[in-house]
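Student: If you scroll down you'll find the structure; I have some questions about it.
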Amino acid sequence: MKKTIKNIALCAFLGLAAGVGFTSCEDYLTITPTNRIVEEDFWEDKNDLQNVVNACYARLIRNDIMKKYIEWGEMRGDNFERTTGNSSTDILNVMNANLLSTNDMFDWTQFYNAINYCNKVLAHGEETIARDESFSRGDWLPIRAEMITLRAFCHYYLLRTFGEVPYVTFDYNNDSQDFLIAQSTQIQVLDSIIKDLESIKADAMNDYGNTVQNAGRVTKKTVYTMLADVYLWRASYKAGRPDIAGSTTAQQDYEKCIECCNWVMDTMVENYKKQLNESGAVLGGVTDLTVEDLLIPNIESTTSTRVSYSSITGAYDYIFGVGNSRETIFELQLDGTNNSNSMMTGYFYNISTSRIGSLVCSSSLMGGVETNPNSLTPNYIYTKTDYRRYETAMYTGADQTDFPLGKYIESTVTQYNGTSVSSGMKDNSGSTTINVSYSRKSVPLSSNWIVYRLSDVMLMKAEAMSQVYSDEANLKEAFNLVRLIFKRSNPLAYENRPTATDSLDFTAFNTQEGMEALVMQERQREFVGEGKRWFDLVRYAQRRNSTSDMLRMLTRKYGDNKKAIEAKLASMLSLFSPIYTDEIKSNSLLHQNDAWGTEESSSRTDNL
C-alpha cells in the first residue's frame with residue numbers, strides 16, 4: 001500500500017536519520033506526488049511510527065534550520081563579525097541591530113515543521129499500539145518522551161529568539177486546515193515547556209545500547225539538561241519581574257535548575273564508573289569518581305623538552321574532532337556523506353575550497369590576550385595560556401585581521417615546540433612561544449552539532465548558584481565548577497605551578513556579582529560558535545529587566561557606531577527578533593514586536 005505525506009520526501013529524511021543508527025525507510029514508505037496526508041493508510045505499525053520519529057531528528061539537521069542555530073544564537077552577539085570583503089547586507093543589518101521583518105533569517109517555518117512532525121507522532125502513538133500487537137505502551141512511552149522533548153527544543157529556540165510565539169501541540173494535516181494560532185506570552189511558553197518535560201522525564205530512555213544513539217537521541221539526561229536550561233531562563237525572567245504571577249519564585253526555579261544539573265552530573269559520573277568497571281580498565285575497579293574525572297583532559301606531551309600539551313589525544317579532538325565523547329549529552333548527528341553540516345560552509349569555513357565563510361571571530365574576542373584572568377571587566381576573553389583561543393579560531397600568523405572559526409572544522413589542534421605557525425601564545429613564564437598546527441577533518445562537514453555537553457551543565461549550575469547563594473561555601477562550590485573547566489584548557493597555568501598568576505583566584509569572584517561575571521566569561525570562552533552567546537546575553541539582561549549591563553559586554557566589538565547600537569537596543573523588546581513578514585501576512589492572529597514596527601522594508605531603528 002502506498003503511503004503519502006504532504007510536500008515532504010520523507011524517505012530522504014529517513015536516509016539522513018540513518019546516520020544516527022535509526023531504522024531506514026527502505027521497504028516501509030513509497031512517496032507519491034500529493035498535497036495531502038493519507039493518515040488512515042500510514043499509521044499501521046511501529047515501523048511507520050519509527051520512520052516519522054527518524055524524520056523528526058532529520059528535520060533538525062536540515063541546512064535551512066541549522067543556519068538558524070547560528071543566525072539566532074550567535075549573529076547578534078559579540079563573538080562574530082562579518083568577514084572582511086563580505087557584502088551581505090542581511091548580515092550587516094542584523095549585526096548593526098537593523099532588524100527587518102523582511103529578512104528571511106527570521107523565517108521560523110522550519111522549526112514549526114519540525115514541531116508538526118513531533119505532534120504527528122504524538123497524535124498517532126496510541127492508535128499504533130492498537131494496530132500493532134508487537135508495539136506496547138512500554139515501547140511507546142520513551143518515544144513519546146522523545147517527541148515532547150524535541151518539540152520543547154524547537155519551542156525553546158523560538159521563545160529565546162522571538163519572545164512571544166505560538167505554542168503548538170496539535171498536528172497540521174493538509175492545506176485546507178486553517179493554521180491560525182496566536183502567540184503565547186514568554187512566561188506561558190516557559191510554563192508549558194516545563195510542564196511537558198516534567199511530565200515525561202521519568203519515561204525517557206536511559207540507554208539505547210550504543211554510543212551513537214545515546215548521544216544522538218533524547219535520553220533522560222537530555223530531558224533533565226533541557227529542564228535545567230529552561231528553569232534557568234524562567235528564573236532569570238522572574239528575577240527581573242518580581243511582581244509576576246506564578247506558582248514558583250525565581251529562587252525556586254534557580255534551585256530546580258541546580259537540582260536538575262546535579263542529577264545529570266551524578267548520573268554521568270555513575271555511568272562512567274560503570275563503564276570503567278565493566279571494561280576492566282582500572283585494576284581493582286573504580287569506587288570513587290567525581291565530575292572532574294569526566295572532563296577529558298589535554299594530555300601532556302612526552303616528546304617536548306618542557307611542559308606542553310597536545311589536543312590530539314585530548315579534549316578538543318574527542319569533543320569536536322571525533323564527536324559523541326563521554327562529555328556529550330545531546331548531539332545532532334551528521335556524517336558528511338548522507339548528511340552534511342553545510343551551515344559551516346556558508347558561515348564559517350569551506351574545507352573543500354579553503355575559503356572563509358561569511359563570519360569570523362570578532363577582534364574583541366581574538367585580537368589579543370587578557371593579562372589578568374581575574375579581571376571582572378577584561379579587555380579580551382582569552383588569557384595567554386588558554387588553548388581554547390587556538391582551538392576556536394584558526395591562527396595563521398601575527399598579522400591576520402580575520403579569525404576564521406576552526407571549532408568543528410579541525411579534527412585536531414596541536415600546540416607544541418617547533419617550526420610551525422607561531423601562535424603568539426606563551427607558557428606560564430611568558431617567555432616561551434607555543435606553536436600551533438591544525439589538521440582538518442578527512443570528511444568535510446561531518447561535524448555533529450552539539451546541543452548540550454557536560455561543561456554546559458556545570459556552568460548552568462554555577463550560574464544558578466551565583467543567584468541563590470551569597471555564603472562563601474556555596475560560592476566556592478560554584479567557583480570550583482568554573483575552575484575545573486578553565487583549568488582543563490589552561491594546563492600551563494596550573495601544572496606544577498600552584499601560585500601561577502594565570503590561574504583563577506576565588507578572592508576575585510567571592511561575591512554573587514563577581515561569580516556571575518566569572519560564569520559569563522567562562523561560558524563565552526567555552527562555547528564560541530556553539531549557538532549560545534546571544535541567548536546568554538538575553539538571559540543576563542532579563543535577570544535585570546534592563547539591557548544596560550548587557551550592552552557593556554556586547555558593544556566591545558563595535559567602534560564608531562557603539563552609541564547607535566546602544567540606542568537601538570535600549571528596550572528589552574529589542575532583544576527579541578521581529579516576526580517574519582510572510583508569517584504576519586498569513587496569520588492574522590500574530591502581532592509584530594513593537595521594537596521593530598510593521599513596515600516591510602524598514603525598521604524604526606533606521607533613523608537612530
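The values are calculated or read from the model by the stated rules, or taken from the named source; none is laboratory data. Everything numeric here is computed off the predicted structure, so don't read it as measured data. So basically every Cβ, Gly included, is an ideal-geometry build from the backbone, and we count neighbours across all protein chains shown. SASA here: full protein model, heavy atoms, side chains in, ligands and nucleic acids out. Shrake-Rupley method; radii C 1.70, N 1.55, O 1.52, S 1.80 Å.
Student: Report yes if some residue within the stretch 435-443 is part of a helix (DSSP H, G or I), among the aliphatic types (A, V, I, L, M) and either open to solvent by 40 Å² or more (accessible area, probe 1.4 Å) or modelled with pLDDT of 95 or more (or both); otherwise report no.
Tutor: no
Student: Give the number of residues within the stretch 152-176 that are in a loop (DSSP other than H, G, I, E, B) and either touching a strand residue (DSSP E or B) at 6+ places or on another chain (Cβ under 6 Å) or acidic (Asp, Glu) (or both).
Tutor: Number satisfying all stated conditions: 4.
Student: Which residues, counting only those in the stretch 399-412, are crowded, with 22+ Cβ neighbours inside 10 Å and within 19 Å of Ser325 (Cβ to Cβ)?
Tutor: Those that are crowded, with 22+ Cβ neighbours inside 10 Å and within 19 Å of Ser325 (Cβ to Cβ): Gly406, Lys407, Tyr408, Ile409, Glu410.
Student: Also: Cβ-Cβ below 8 Å, separation at least six or inter-chain, first residue in the stretch 542-553 and within 20 Å of Leu159 (Cβ to Cβ), second open to solvent by 60 Å² or more (accessible area, probe 1.4 Å): which pairs?
Tutor: Matching pairs, first to second residue: Thr547/Ala570; Met550/Arg544.
Student: Would you mind stating whether Thr149 is assigned to a loop (DSSP other than H, G, I, E, B) and either under 30 Å from Gly73 (Cα atoms) or in contact with a Pro (Cβ under 9 Å, 6 or more places away or on another chain) (or both)?
Tutor: Answer is no for this residue.
Student: Evaluate the stretch 123-144: report whether one residue or more is within 22 Å of Ile194 (Cα to Cα), part of a helix (DSSP H, G or I) and touching a strand residue (DSSP E or B) at 6+ places or on another chain (Cβ under 8 Å).
Tutor: Checked the stretch 123-144: no residue is within 22 Å of Ile194 (Cα to Cα), part of a helix (DSSP H, G or I) and touching a strand residue (DSSP E or B) at 6+ places or on another chain (Cβ under 8 Å).
Student: Next question, about the same structure. Identify, please: which residue in the stretch 575-590 is part of a loop (DSSP other than H, G, I, E, B) and either of a type outside the set (A, V, I, L, M) or touching a strand residue (DSSP E or B) at 6+ places or on another chain (Cβ under 7 Å) (or both) and is, among those, surrounded by the most Cβ atoms within 10 Å (Cβ to Cβ)?
Tutor: Ser577
Student: Identify all residues within the stretch 173-223 that are under 20 Å from Ser588 (Cβ atoms) and of a type in the set (Ser, Thr, Tyr); write none if there are none.
Tutor: Answer for the stretch 173-223, where residues must be under 20 Å from Ser588 (Cβ atoms) and of a type in the set (Ser, Thr, Tyr): Ser176, Ser184, Thr185.
Student: Something else now. Condition (residue is open to solvent by 20 Å² or more (accessible area, probe 1.4 Å), over 23 Å from Phe330 (Cβ atoms), of a type outside the set (Ser, Thr, Tyr) and over 27 Å from the mean Cα position of the chain (by Cα)) applied to the stretch 248-261: is it met by at least one residue?
Tutor: No, every residue in the stretch 248-261 fails to be open to solvent by 20 Å² or more (accessible area, probe 1.4 Å), over 23 Å from Phe330 (Cβ atoms), of a type outside the set (Ser, Thr, Tyr) and over 27 Å from the mean Cα position of the chain (by Cα).
Student: Can you name the condition, by its number, that Leu475 falls short on among (1) out of contact with any Gly (no Cβ under 7 Å at 6 or more places or on another chain); (2) in contact (Cβ under 8 Å) with a residue 40 or more places away in the chain; (3) outside any helix (DSSP H, G or I)?
Tutor: (3)
Student: Show the residue pairs meeting these rules: Cβ distance below 7 Å; 6+ apart or different chains; first residue within the stretch 53-64 and small (Gly, Ala, Ser); second residue part of a helix (DSSP H, G or I) and open to solvent by 10 Å² or more (accessible area, probe 1.4 Å).
Tutor: Sorted first by the residue in the stretch 53-64, then by its partner, the pairs are Ala55/Phe13; Ala55/Tyr117; Ala58/Phe13; Ala58/Leu16.
Student: Looking at (1) under 19 Å from the mean Cα position of the chain (by Cα); (2) of a type outside the set (Val, Ile, Thr); (3) closer than 26 Å to Gln186 by Cα, which one does Ala517 not meet, given that it meets all the others?
Tutor: Every listed condition holds for Ala517 apart from (1).
Student: Taking the residues in the stretch 31-64 that are of a type in the set (Val, Ile, Thr) and loosely packed, with under 14 Cβ neighbours inside 10 Å as candidates, determine which candidate is modelled with the lowest pLDDT.
Tutor: So, considering only residues that are of a type in the set (Val, Ile, Thr) and loosely packed, with under 14 Cβ neighbours inside 10 Å, the one modelled with the lowest pLDDT is Thr32.
Student: Take Thr555 and tell me if it is at pLDDT below 95, closer than 25 Å to Pro373 by Cα and not acidic (Asp, Glu).
Tutor: Spelling it out, Thr555 is indeed at pLDDT below 95, closer than 25 Å to Pro373 by Cα and not acidic (Asp, Glu).
Student: Continuing with this model, one more query. Taking the stretch 65-89 on its own, how many of its residues are crowded, with 17+ Cβ neighbours inside 10 Å and either over 13 Å from the mean Cα position of the chain (by Cα) or without any contact (Cβ under 8 Å) to a residue 12 or more places away in the chain (or both)?
Tutor: Going through the stretch 65-89 one residue at a time, the tally reaches 10.
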